[in-house]
Every structure is written in structure tokens, then in C-alpha cells.
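First up is the structure itself, then whatever we jot down about it.
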Amino acid sequence: MAGFLLINPRSGKGSPTADELASEAEALGVEARILHEREDPAALARSADADALGIAGGDGSLAAVADVALERDVPFVCIPFGTRNHFARDLGLDRDDPLDALRAFGGVERRIDVGRADERLFLNNVSLGVYARLVHRRERHRRRRETFARVRAWAIVITHREPLGITIDGTKVEARLVLVANNEYALDFPSIGERERLDEGRLHLYVPGNEPPERTGERFVVDAKAGELEAAVDGEPDVLKMPVEFRVEPRALRVLVPPERD
């Protein structure tokens with residue numbers, strides 16, 4: 001199988017380095033390319049002459065390449081190369097061993113669900129409200145010292161107590177946090193736990209402090225008077241135009257994992 005791997009060097013923890021990961025991939029017969037700033041990973045994946053498309057990065061790096069893999073109907077490979085690597089964990093990969101994950105290019109295929117926020121693909125979840133504000137504030141202060149940026153972002157979130165003023169499927173909801181998840185999470189807010197399945201075929205919408213606090217379905221429509229809301233899509237800052245339709249595409253994505261991780 002001809003594999004193509006994009007490597008986001010800004011996601012890595014330093015060991016292995018992006019160059020070392022690229023060298024190991026090439027030794028396995030996988031074409032590897034280290035992403036430069038301003039390069040479009042989706043465009044590179046779309047033009048690659050490959051039977052499998054992979055990305056080494058954190059959670060926020062994955063969706064663009066996964067969307068192209070779905071579009072081309074080729075398998076997708078996730079190489080955990082970020083800070084938390086929630087998707088890699090839920091897929092059953094060893095988050096601390098990106099070199100081992102390279103064996104997925106000759107591994108076993110699974111089919112998993114993907115979520116959509118309108119046309120924007122997500123693999124993990126989309127949050128609106130306080131966590132999304134935290135992600136946006138942290139991004140704005142990312143060039144400052146990391147600890148200071150994190151403390152400042154949390155301070156802004158804690159003091160911002162206004163509800164979002166939204167409706168879910170036409171019903172008004174007073175909430176400071178909404179989380180739409182691709183499959184069910186074990187949640188202990190504000191932390192996010194693991195998912196036992198990635199092929200349940202359901203979205204889970206969590207609204208802490210409301211009744212019911214959790215809803216499940218294949219589609220939800222969220223609207224807001226503001227016309228747009230800050231969001232965190234797989235942990236990355238974004239702004240979603242309202243109304244936004246969330247939907248699940250069951251078992252749409254072909255994913256490769258190392259043989260014993262199946």
C-alpha cells in the first residue's frame with residue numbers, strides 16, 4: 001500500500017522529532033512530508049498519489065486530512081504527535097509511541113463515525129460557551145508565556161457567566177456550555193474522558209445544569225440570537241455561523257490501525 005504522511009512539526013513534544021518520524025516513515029516505504037507554516041494540509045493530501053493518507057499531529061490537525069481521505073474513499077492513518085491525542089487514545093493507539101503507530105500503514109482497517117458541523121468535519125467534539133472562550137483566549141495569548149496565557153484564559157472564562165442564549169431543535173436552553181460529541185464520552189466537567197466506541201452512529205449533546213443534561217441523536221440544530229458563536233472544534237478555535245446543523249455520518253471513515261490494536 002502506497003502511504004502518504006503529513007507531519008505537523010508544531011504539534012510534537014520533541015521526541016521523536018519531526019525529522020526522525022519522517023525518516024522512520026520513509027524506511028517503511030511511506031512518503032513523508034513535514035508541513036511548513038501556511039501550507040494547506042488538505043490540498044497536499046488531495047494531490048498525493050497514495051492509497052492511504054496519514055497525519056502526525058494533535059487532535060486539531062487530524063480532521064482536514066481525514067476529510068480528504070473520506071472524500072477520496074481511502075484509509076486514514078492517525079499518528080499521535082500532539083499534547084493530548086484524545087482521538088488516538090480512543091482509537092486504541094499508544095499515545096506515547098508515534099513510531100509504533102506508523103505500522104498502521106500496513107495494518108487493519110476499521111470503519112468509524114465522523115461528525116459534521118454543517119460541512120465542517122470533526123472527529124471528537126465541538127464545544128460552545130465557556131470552554132470555547134477559553135480556547136479562543138488561549139490562542140490570542142499563545143505568544144506569551146504558556147502558563148500566563150492559561151491562567152489569564154481561565155480567569156476570563158470564570159468571570160464570564162452570561163448564558164449563550166441558544167435554542168436546540170427550536171427549544172430555548174439557558175446554558176454556559178454545550179458540547180456536541182461524536183459518540184458517547186465519559187464526562188466529568190470540565191474534563192473530558194474516554195469513548196468506548198467510535199462506531200455507535202450517534203451524536204451526544206451535553207448541556208450541564210439543564211434537564212435533560214444529555215441528549216442523543218443523529219442530528220441536532222443549534223441556533224443563537226448572536227448569529228455566530230465562538231466554538232472549539234476538536235480543540236481548535238473556530239466561529240460557527242448560526243443556525244448550525246450537527247449530524248453524524250455512521251461508519252463513514254476508513255481507518256487503519258496496527259494489527260494488534262484492532
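Things to note:
- Relative exposure of Arg38, Arg10, judged by other C-beta atoms within 10 Å (fewest first): Arg38, Arg10
- In terms of other Cβ atoms within 10 Å, Glu109, Glu194 run from fewest to most in the order Glu194, Glu109.
- As a ratio to 2.2 N^0.38 Å, the alpha-carbon radius of gyration for region 1-72 is 1.02.
- Here the residues Met242, Met1, ranked from fewest to most Cβ neighbours within 10 Å of their Cβ, fall in the order Met1, Met242.
- Three semi-axes of the equivalent ellipsoid, the chain, Cα gyration tensor, whole Å, largest first: 32, 21, 16
- Per-residue 3J(HN,Hα) values for region 194-203, derived from phi via the Karplus relation 6.51 cos²θ - 1.76 cosθ + 1.60 with θ = phi - 60°, read 9, 10, 6, 9, 10, 9, 6, x, 9, 8 Hz in sequence order (x marks Gly and Pro).
- Calculated FRET efficiency, Asp100 to Lys241, Cβ-Cβ distance, R0 = 35 Å: about 0.30 to the nearest 0.05.
- Charge sum, other residues only, whose C-beta stays under 12 Å from Arg72's C-beta, Lys/Arg counted +1 and Asp/Glu -1: -3
- Note on Lys241: lysines with a C-alpha under 20 Å away, same-chain residues under 8 apart excluded, are Lys172, Lys225.
Every read-out reported here was derived from the displayed coordinates using simple, explicitly stated rules and does not represent laboratory data. Since we're looking at a predicted model, the values are computed, not measured. Glycine also receives a Cβ, built like all others from the backbone with ideal geometry; neighbour counts cover every protein chain displayed.
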